[in-house]
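Heads up, the thing below is written out as C-alpha cells.
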Amino acid sequence: MSFWTFLAKNRSEILRSLGRHLELVGISVLIGILISIPLGIFLTRHKKLAGPALALAGMIQTIPGLVMLGFALLLFGIGMFPALVVLSLYAILPILRNTYTGIVQVDAAYIEAAKGIGMTPMQILFKVELPLSLPAIVSGIRISTVYILSWATLAGLIGAGGLGDLIWTGLSTYNIQYILAGAVPSAILAFVASSLIGMAQRALTPKGLRGRSA
C-alpha cells in the first residue's frame, strides 16, 4: 500500500488526530500567553524578582518532556488535562522572557517623553511600552508555538491524543506509514505556524525598528 493510499484509507483517523493536536497546542499556548504576559509586565515593575522567576521558568524548560508527563500522569492520571498542564508550563518561558526583555529594552527617552506630556503609568504601559515591545512578545509566542507543536506529539503517551498517537502506533507496530502520518503533518504545522506568526511579527514591528527586529 502506498503512503497516499494509506492517507486516504485512514483519513478520518488522521484528521481526528490533527484536530486534537491543534486543540492541545492552541489551548496550551493561550494559557502560556495569559500567564506570561501579565507576569512579564509584573516583573518589569519588580526587577529583583525577575532573575529568580526567569530562572525557575528556565529550570522547568530543561526537564525532559517524558519526565514531566510522567509526573503529570502520577498527579492527574491520563487524558488531555495532564498533557495541557505540562504543555502550558513549557509554553511559558519564551513568552515570559520576551515580554520582560521587550519592555525593559524600550528606549528610556520614550518613557520620559510620555511622562513629560502627563501620561499615567498605565497609559505609558499600554500606549508606549507594550506597542514598542509587541514584536518581541510575538517572537516569544512564535518560539513557544513551534516548541509546543513538537512536544505535543508526546501527549499520545498519556492518552491525550493528537498526532503523537499515530507516531507511537507506528513505532509499536513497526509501521512506517503511521509514523509518517503523524510526523509529516506535525513538521508542516510547525513550518506554517512559524511563517504565519513571523509575518504577524513583521507587520507589528514599527517601520523604524524593522531593521533591528529578529
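The values are calculated or read from the model by the stated rules, or taken from the named source; none is laboratory data. Computed from a predicted model, the values in this text were never measured in an experiment. Virtual Cβ from ideal backbone geometry, glycine too; neighbours counted across all protein chains shown. Calculation scope for accessible area: heavy atoms of the full protein, side chains included, ligands and nucleic acids excluded. Shrake-Rupley method; radii C 1.70, N 1.55, O 1.52, S 1.80 Å.
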**Report entry** Neighbour net charge for GLY32 - beta-carbon separation under 14 angstrom, K R +1, D E -1
**Finding:** +2
Report summary line: Of the candidate values (i) 18.9; (ii) 17.5; (iii) 19.8, the one computed for Kirkwood radius over Cα pairs in Å from this structure is (i)
Query - Packing-based ranking, highest mean first, of 38-48, 149-159, 91-101, 112-122 given that Cβ atoms within 10 Å are counted - result: 91-101, 149-159, 38-48, 112-122
**Report entry** For the chain: relative contact order, % (alpha-carbon pairs under 8 angstrom, 6 or more apart)
**Finding:** 26
Report task. Indicate the helices, whole DSSP H runs only, in the chain that combine a mean Kyte-Doolittle hydropathy of -0.5 or more with a Cα extent along their long axis of 20 angstrom or more. Result -> 11-45, 80-104, 130-151, 176-204
Report summary line: Simple SL model, points at 7 angstrom along Cα→Cβ for ARG202 and ALA187; separation in nm is 2.4
Requested in this report: Count the lysine pairs in the chain whose Cα atoms lie under 23 Å apart, taking only pairs 8 or more positions apart in sequence or on different chains.
Outcome: 4
Query - Net charge dipole size for the range 49-204 [Lys, Arg +1 and Asp, Glu -1 on Cβ; Debye, nearest 20] - result: 120
Query raised in the report: Share of the range 1-122's accessible area from carbon and sulfur, percent, 1.4 Å?
Result: 72
Report summary line: Probe 1.4 Å, heavy atoms of protein chains only: per residue, the accessible area of the range 61-121 in Å² is 53
